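Before any comments, here is the structure.
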Amino acid sequence: MAGPDVAVDPARAPVRGPSFVAAAEEQRVFVASQWQLMWWRFRKHKVAVASGGVVIGFYLAVLGADFLAYADPNASEAQRSLMPPQPVHWFDGGKFRPHVYALKGARDPQTFKRVYRADPSQKIPLRLLAEGFEYRFLGVIPMTRHVIGVAAGLDASKTIFLLGTDVQGRDLWSRLMYGTRISLTIGLFGVTASLVLGVVLGGLSGFYGGITDTLIQRVIEILRSIPTIPLWMGLAAALPRDWSILQVYFAITIIISLLGWTELARVVRGRFLAMREEDFVVSARLVGCSQMRTIFVHMVPSFMSHIIAATTLALPAMIISETSLSFLGLGLRPPAISWGVLLQQAQNVQTVAISPWLMLPAVPVIIAVMAFNFLGDGLRDAADPYGR
Amino acid sequence: MDDNSEGGFAPLPTVDRQTLLSVRNLKTYFAQDEGTVKAVDGVSFDVSRRRTLGIVGESGCGKSVTARSILRIVDRPGRIIDGEIQFRRPTNGAGGRVVDLAKLEPNGREMRAIRGAEIALIFQEPMSSFSPVHSVGNQIIEAIRLHQPVGRQDARAKAIEMLRRVGVSSPEARVDQLAHQLSGGLRQRAMIAMALSCKPTLLIADEPTTALDVTTQTQILALMRQLQQEDGMAIMLITHDLGVIAEMATDVAVMYLGRVVEQAPVDAIFHDPKHPYTRALLRSIPRIRARTRERLTPIAGAVPHPYDRPRGCPFHPRCPEFMAGRCDQQEPSLRPVAEQHTVSCFLYE
Amino acid sequence: MLGYIGRRVLLAIFTVWAISALAFAIIQLPPGDYVTSYIAQMAAMGSVVTDEEAQNLRIQYGLGQPIYVQYGKWVKLIAQGNFGMSMEWRRPVTEVIGERLSLTVVVSVAALFLTWVLALPIGIYSAVRQYSAGDYAATFVGFIGLAVPNFLLALVLLYLGFSLFNANIGGLFSTEFQDAPWSAARGWDLLKHLPVPALILGLAGTAQQIRIMRANLLDELRKPYVVTARSKGLSEMRVILKYPVRVALNPFASTIGYTLPYIVSGSIIVSIVLGLPTVGPLLLKALIAQDMFLAGTIVLLLGVMTVIGTLISDIVLVWIDPRIRLEDT
């Protein structure tokens, strides 16, 4: 029975340990969809997977900012100005009972600065899912619960200051949560607008080629050789002062999205050019598919993954742009809260030297930018499932 | 899982004066995350002076890695883990001094003195085997000056002379051109000129004509034969094309999955093939004097995945002469079956 | 080759035109026209602009005429070296900018220079010793460089300098040279102050260039011509430096054009944080005070400067890459 034909068909071959497993493995790869292959490749990239988790965490914070905050981000009080971050004591009398000490503020008679002294006799226990200020969860469900807080009857914004307070005595942790919401959504909207511009222009450029291509390529080249920040500063400064937060928010989104589309357009064009010559596109055309069908049924799905990767990589630039503009006082303006607006308070080195916690909003900026970069890198590698 | 110690090889006829290169049980492995690729797994063969050894086999059988192992330019993570590469270095007068290239430091002084000067390499891909930003002449002159004590002007004259020898027209002008300004055939000629500029004793030609069209291929092969007659070097010709072998080789080594399965003079290979793989290979190519409507038989199955080499004789899953219990359990070794004819198959043990 | 340079020059001219249009737009954006705000400003200062003067200004700037006429008149004035008046400073814009523009150039070029000096060897090392500890270290520093916006880096370094060494790492000159006329001592003082801002500005670019160099070189290292060079018997060092590095240098060099705008952009914010006497802080002040002629001029000059820098780098590229030199000959 052990003729040569046995060996020809791997499915019928006698089980020979690893070789059979390898054949099955190969079979699995052959029938896997493109997205499955991408996922398998992406999964191998540990840092990218971890970054993906961080990004998801960030966007959960965007959704639940009011739940994660424990104090009204705009509740200001001169009596609480520039409080340092408050240490949390985890145990009380040998039992796990997280609490903080009450703080007493007084003005130093010599330097006239406010100094705060902890009072160990007054322990304020921290509660999970405590009652706090009212808000609408996800914008609809009215709620008063927050992830942490203090016992009923106490006001969280007057008693706990996990990351300290700013000059106006507003709680930094809570403001950071709200800032995350604005900074990350502005990045998301900005990148969406860029994506539309980039895909339309890059697609036109790559699909039609010729004069259209040359024209769009030149425009991109010109845009890329201009230093953008002074330009965007100019545009942002020209926004009318009396605009509402929402209007400014959208204007800034548009301004920073004008910055990001060139790179996306470049990627889309490159893909289109590469794909125009691919056999499956040529054959789609030959069997008489309409141009629209060729583009949207055959071409776009096969480079969707590249677009997703490029979009992820474009997000950090958006976040940094918003942060920079707001930091300079040309982007979002208080009472809007964003990472850049929060960092504005850290502009002066003397202030920072005395209250270094004002630089804390830099931490989420850096983590977010890194996470998006790693995630984007991982996605880009995975986007080429047949690559090396 | 592969136990190589039991397989091994039987000693070939002793290394005589005429033997220039003698490879014994060479193993070059690539350690990768997914597993170890045994690209060359116990290769043995000999190259004699002034002769042409053709090495033939399907893609992925380890031909190119063997060539690069001899020159000690295997890319990482590849590493020679076992075996000998005895090479006879020319010395003035006497029969030469034999060194084991496998023991040399890959980038050491002695290896670099041999590489390019005594063993030269030409290979496929005439598009990209020259630097795109340096002139052809620059690269030939560099090779000459590296191994010969000549000045820039003399080296340039030599380079031009060499280009003329390989049949490049108006070499004085071509010498300053970039590779992409030359046609594929011209580029391969320039490549040969560079390889032979230091009069090596061994030329390794790795698929030298695969990327060329048939007419150019014939010209290049004729050129190589002519230069071999003039300079007297030995050629190690790696190809998957049995036609090229028939035209060029004096001896043939047939490789399968990192092993030599048969080595013999060219006539014996074509007229009296012993190994079932060699026979299958010959059946799979058309012959000019074949009967009309004669069927070509492809070799059954496919080359196994390199991570997953079959146990026993590597060819047994595709072998029509498969002997259960023998071929899938033990490894055959190269044994002489006739004068200068060795085969690695249980049919002849 | 001439064709290539010609195309580059043409593109540069178009870019300058686009920048001038944008700068003009920035000047025009705030409500009200220049002369009206000028008169209001002067009135606030207690001086009176005569009707005749006002009329002359209106004619000079073509106010009341179609926008393209105004643009044309503005360009004409600029060509004559008249960039208008700064409202805020009540002095001609050129005077206000003074040496700040050249200092911006100095800082940007220093950052660019540093970018190259650091990125080239590190990138080569990273590629040749792929997956070594040094490669991972370079990759890590590279990611930090990309992830930390340069103004934050400036802020952190400023804070560290302040709190650890009680030193001000900002500025470009020591106090005694702040307003001193140019001298060798002042130049030396500038050189001593340059590394910190240059490093801050150059870090992101360096990180990016290391990645570009590493990726390009890794691609090139796999090419057959490297095998050819190696098979000649060249030493490994010589093989790598003469061939793949040389080839990988081209895409590396061509990115310089995109690095410069990036550095110039960054210099604005970093200068504001570090208090450098470049055009950065001036631009911010001008924008906040809606001193549009000053702001527009700064945007214009920065853009033109960048375009010139990019053009120079393109021409350098021709010298480096023989393939372009031989094009259409």
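Every number here is computed from the coordinates shown, using simple stated rules; none is lab data. The shown structure was predicted, so the numbers you read here are calculated from the model rather than taken from an experiment. Cβ coordinates were reconstructed from backbone atoms using ideal geometry, including for glycine residues, and neighbour counts include every protein chain displayed.
If you take the C-alpha gyration tensor of the protein assembly as shown, multiply each eigenvalue by 5 and take the square root, what semi-axes do you get, largest first, in whole Å?
Here the semi-axes work out to 67, 38, 28 Å.
Could you size up the charge dipole of segment C:90-224 around its Cα centre, putting +1 on the beta carbon of Lys and Arg and -1 on that of Asp and Glu, and report it in debye to the nearest 20?
280 debye
What's the center-to-center distance, using Cα atoms, between segment C:1-66 and segment C:147-201 in Å?
34 Å
State to the nearest 20 debye the size of the charge dipole of the protein assembly as shown about its Cα centre, where the only charges are +1 on K and R beta carbons and -1 on D and E beta carbons.
Roughly 900 debye for the protein assembly as shown.
So, in Å, what gap is there between the alpha-carbon centers of segment A:247-302 and segment A:85-121?
Answer, in whole Å: 58.
For the charge dipole of chain A, defined by +1 on Lys and Arg C-beta atoms and -1 on Asp and Glu C-beta atoms about the Cα centroid, which residue among A:M83, A:W173, A:S324 has the Cα displaced farthest towards the positive pole?
The listed residue farthest towards the positive side: A:M83.
Hey, for a label at C:N168 modelled as a point 7 Å past Cα toward Cβ, could you say which residues of segment C:252-280 have their backbone N under 16 Å away?
Within reach of a label on C:N168, which here means backbone N under 16 Å from a point 7 Å along Cα→Cβ, segment C:252-280 contributes C:271-278.
I need the peptides A:244-251, A:339-346, A:90-97, B:196-203 ranked by packing, meaning the mean over residues of other C-beta atoms within 10 angstrom, with the highest value on top.
So the order, starting with the most tightly packed, is A:339-346, B:196-203, A:244-251, A:90-97.
What does the charge count around A:I255 come to, taking other residues whose C-beta lies under 15 Å from its C-beta (Lys +1, Arg +1, Asp -1, Glu -1)?
Once all neighbours under 15 Å are counted, the net charge is 0.
Just check segment B:30-110 against the gyration tensor rule for me: Cα atoms, a ≥ b ≥ c as the square roots of the eigenvalues, rounded for a/c under 1.5, and otherwise prolate or oblate depending on whether a/b exceeds b/c.
Since a/c reaches 1.5 but b/c is at least a/b, the shape of segment B:30-110 is classed as oblate.
Above 16 angstrom, tally the Cα pairs of segment B:221-291 and express them as a % of all pairs, no decimals.
Result for the distance tail: 52 percent.
Quick one: what are the phi-derived ³J(HN,Hα) couplings along segment C:184-190, Karplus 6.51/-1.76/1.60 with θ = phi - 60°, whole Hz, x for glycine and proline?
Running phi through 6.51 cos²θ - 1.76 cosθ + 1.60 with θ = phi - 60° gives 4, 5, 5, x, 4, 4, 4 Hz.
Provide a whole-number value for the mean count of partner chain Cβ atoms within 10 Å of the Cβ atoms in peptide A:233-242.
Partner-chain Cβ atoms within 10 Å, mean over residues of A:233-242: 6.
Near the amide H of B:R326, under 5 Å away, which other amide H atoms are found, from residues 5 or more places off or on another chain, if H is placed in the peptide plane?
Residues meeting the amide H criterion: none.
So if we plug the beta-carbon distance of A:S121 and A:T351 into 1/(1 + (r/R0)^6) with R0 = 41 Å, what FRET efficiency do we get, rounded to 0.05?
According to the calculation, E is roughly 0.80.
Find how much the distance from C:I144 to C:F14 grows on full extension, using 0.36 nm per residue of separation minus their present alpha carbon separation; answer in nm with one decimal.
Separation in residues times 0.36 nm, less the Cα-Cα distance, equals 43.2 nm.
Give the lysines reachable from A:K113 as a straight Cα distance under 22 Å; neighbours fewer than 8 places away on the same chain don't count.
Leaving aside lysines fewer than 8 places away in the same chain, those within reach of A:K113 are A:K104, A:K158.
What list of ³J(HN,Hα) couplings, whole Hz, do you get for segment B:215-231 from phi and the Karplus terms 6.51, -1.76, 1.60, once you set θ to phi - 60° and write x for glycine and proline?
Ordered by residue, 3J(HN,Hα) equals 5, 4, 4, 4, 4, 5, 5, 4, 4, 5, 5, 5, 5, 5, 5, 5, 9 Hz.
FRET efficiency for C:A215 and B:Q153, Cβ-Cβ distance as r, R0 = 41 Å, nearest 0.05?
That pair, C:A215 with B:Q153, gives E of 0.55.
Starting from 0.36 nm per residue, how many nanometres of slack lie between A:I366 and A:W35 once their C-alpha separation is accounted for?
116.2 nm
With the crude spin-label approximation of a point 7 Å out along Cα→Cβ, what separation in nm comes out for B:K199 versus B:V99?
If labels sit at B:K199 and B:V99, their model points lie 1.9 nm apart.
Run the simple label-point estimate for B:D33 and C:E99 please: 7 Å along Cα→C-beta, distance reported in nm.
In this crude label model, B:D33 to C:E99 measures out at 5.5 nm.
Leaving out same-chain residues fewer than 8 places away, which lysines sit with a Cα under 29 Å from that of C:K192?
Output for C:K192: C:K285.
Apply 1/(1 + (r/R0)^6) to the Cβ-Cβ distance of B:R109 and C:E176, taking R0 = 51 Å, and write down the FRET efficiency to the nearest 0.05.
0.30
Just to check I understand the Karplus step: with θ = phi - 60° and J = 6.51 cos²θ - 1.76 cosθ + 1.60, what whole-Hz values come out for segment A:174-191, glycine and proline as x?
Calculated HN-Hα couplings, in order: 5, 5, 4, 4, 5, x, 4, 4, 6, 4, 7, 6, 5, x, 5, 5, x, 6 Hz.
Pairing the Cα long axis of helix A:46-63 with the longest principal axis of chain A, what angle in degrees results, from 0 to 90 and rounded to the nearest 10?
50 degrees
Residue separation times 0.36 nm, minus the C-alpha to C-alpha distance between C:K285 and C:S132: what's the value?
Once the chain is fully extended between C:K285 and C:S132, it gains 50.3 nm.
Using amide H atoms built in the peptide plane, which far-off residues or other-chain residues are under 5 Å from B:I235 H to H?
B:R51, B:T52, B:L53, B:L203
Take the residue pairs B:K199/C:K232; B:K199/C:K242; B:K38/B:K63; B:K38/B:K274; B:K103/B:K158 and return only those whose Cα atoms are more than 22 Å apart.
Flagged as over cut-off: B:K199/C:K242; B:K38/B:K274; B:K103/B:K158.
Any idea what diffusion coefficient chain C gets from Stokes-Einstein, in µm²/s, Kirkwood Rh on alpha carbon pairs, 10 °C, 1.306 mPa s?
It diffuses with D of about 70 µm²/s by this estimate.
In degrees between 0 and 90, to the nearest 10, how far off the longest principal axis of chain A does helix A:300-327 point, with axes built from Cα atoms?
Helix A:300-327 and the main axis of chain A meet at about 20 degrees.
Between segment A:122-188 and segment B:144-190, how many Å separate their Cα centres?
With segment A:122-188 and segment B:144-190 each reduced to a Cα centre, they are spaced 77 Å.
Just how large is the dipole of chain B about the Cα centre, in debye to the nearest 20, putting +1 at every Lys and Arg Cβ and -1 at every Asp and Glu Cβ?
Using only the charged Cβ atoms, the result is roughly 760 debye.
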